[in-house]
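First up is the structure itself, then whatever we jot down about it.
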Amino acid sequence: MSSNKSHNMNSQKSNLHRILKNFVSNMREIKYFFDINLPAVKNRETEVNNKFEKFIESHTKEENGKNLILLKAEETNSFEKLLEEMSCISHQPLLCNSSFLILINNFEYITKAILRELFTSYPKSILDKKDFTIEYEELCQFEDLKEAKNFMIDRYLEKIFYKSFSEQQKILQKLFDNKKVLSSINFSLLEKATKERNLLAHNNGIITENFAKQADLAVDSIGKKLFISKKRFDAIYQEILFWGVCFLVLLGEKVKDKEFLDQHYQHFLFSLLEHKDFLLLKRIYEATGTYAVSLDGTSEIINFINYLLALKNLPKENDKFNTLLGEYKTGQLSDHFKCAFAVLRQDKKEFIKLLKNSDFTLADWYEFPIFDTFKMDEKLAKKALPILEKNTKRLSKNAKK
């Protein structure tokens, strides 16, 4: 569920919202780029390998107990072109590996953006005050105080990012001392991902003995090229997205950005439902849901409904879903929210009864993931659609007053 109607959409966007929007947009585009390139890489690899195997098989002859490849003079050029294709195949994974490099770059972007916003909005958080000194000659270069502050923050960030990944994360954990959230992040996965990025960027992806030991790879992997599989990419993608949102929520709490913790957090959880990122929604809600504030008294309920919907779509979470749904008391809720809980309980009679006094519209019916199962019931849909049409007209008329 989302509550776009209950907020003034013309309100000024917070800096945290801008950071979140850019971060998530970049993440989605990077994943899309990886996913569309992976099949092309795999298909091309299979095609050329099959072609090469057939050529070798048709030109192999046994002589004196040895298998020899016999080529006619006019076939030499064809064989050389085939070898060239085989060589190019080894470079095809660059498309997917490039996506991975961009993914880790976006991880660095969100880390720097969070730290920059923290130091700008909450100067008390700065750990090493001695690093924030500036020479008079440097100060004279700037037109105003804001420019000087940005220069000092960027210089401080540069020092932080010269440190190792583990040292960077220790600094973040000091700045955002929250055991519940920090314990839910897989820092070892992220650290290994940065090492994989370094290998791809600085050693052309060729596995070294040192990397093999650190990554616990077999000895025979040394000298081979690292390839980021879809399973590996997706795991790191999910963890970076989880990391970014968790730290943005902690930052929102520290700088008291109530709009972000209410409206934008809620809309992000809803977007996860739309993308069917159910496991990610579950993790984010369980780690950060308690920090969301409710400016109009509805966000906490909406977030909980979206969380339940995520659990409902995760087979392993079926018992938790039923327990939480059974324990939740809906007596004080409006018909609008009771209606949503009726959907979760698959109570169709109660749903139709409550729908009349809800604020659900035709647009909600077609767009909200919560209605997916009910939309497939033709008899129910025939009863619901006229009510939704009346709700739509009623709300539109009220909005004009």
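The values are calculated or read from the model by the stated rules, or taken from the named source; none is laboratory data. Not measured: the values here are computed from a predicted model. Backbone-built Cβ (ideal geometry, glycine too); neighbour counts: all protein chains shown. Ligands, DNA and RNA are stripped out before the accessible areas are found, and what is left, the full protein with its side chains, is counted by its heavy atoms. Shrake-Rupley method; radii C 1.70, N 1.55, O 1.52, S 1.80 Å.
A compact table of results
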read-out: For Phe270, solvent-accessible area (1.4 Å; no DNA, RNA or ligand), Å²; value: 20
read-out: Between 0 and 90°, nearest 10: helix 15-58 axis offset from the chain longest Cα axis; value: 30
read-out: Cα-Cα over 31 Å, subset of Lys338/Lys382; Lys320/Lys397; Lys159/Lys254; Lys179/Lys338; Lys348/Lys393; Lys231/Lys349; value: Lys320/Lys397; Lys179/Lys338; Lys231/Lys349
read-out: List Asp262, Asp35, ordered by accessible area with a 1.4 Å probe, largest first; value: Asp35, Asp262
read-out: Over segment 221-320, volume per residue of the alpha carbon convex hull, in Å³; value: 124
read-out: Folded to 0 to 90 degrees: helix 278-288 orientation relative to the chain principal axis, Cα; value: 60
read-out: Rg to Rh quotient for the chain, alpha carbon positions, Kirkwood Rh; value: 1.09
read-out: Rounded to the nearest 20 debye, dipole of the chain from Cβ charges on Lys, Arg, Asp, Glu; value: 1840
read-out: Long-range tail of P(r) for segment 194-234 (Cα pairs > 17 Å, %); value: 23
read-out: Accessible area per residue, Å², the chain with all protein chains present, probe 1.4 Å; value: 57
read-out: Taking only Cα atoms of segment 122-199, radius of gyration then Dmax in Å; value: 16.1, 46
read-out: Relative contact order (%) - the chain, alpha-carbon pairs under 8 angstrom, separation at least six; value: 16
read-out: Reach of Lys61 by Cα under 30 Å, taken over lysines that are not fewer than 8 positions away in the same chain; value: Lys51, Lys72, Lys81
read-out: For the chain, calculated [θ]222 nm from helices alone, where every DSSP H run of n ≥ 4 adds -39500 (n - 2.57); value: -21500 deg cm²/dmol
read-out: Cα centre as origin, Lys/Arg/Asp/Glu Cβ charges: segment 306-361 dipole, Debye; value: 140
read-out: Surface accessible to a 1.4 Å probe, His202 within the full protein complex, Å²; value: 150
read-out: Under 19 Å from the Cα of Lys31 - aspartates and glutamates, other chains or at least 8 residues apart; value: Glu108, Glu196, Asp234, Glu239, Glu274, Asp277
read-out: The chain: angle of helix 335-344 to the longest principal axis, Cα-based, in degrees nearest 10; value: 40
read-out: Cross-link reach list, lysines versus Lys400, counting only Cα pairs under 26 Å and skipping chain neighbours closer than eight places; value: Lys5, Lys13, Lys356, Lys390
read-out: Cα shape, segment 246-401, gyration tensor, a/c 1.5 rule; value: oblate
read-out: Exposure ranking of Ser188, Ser271 by accessible area [1.4 Å probe, largest first]; value: Ser188, Ser271
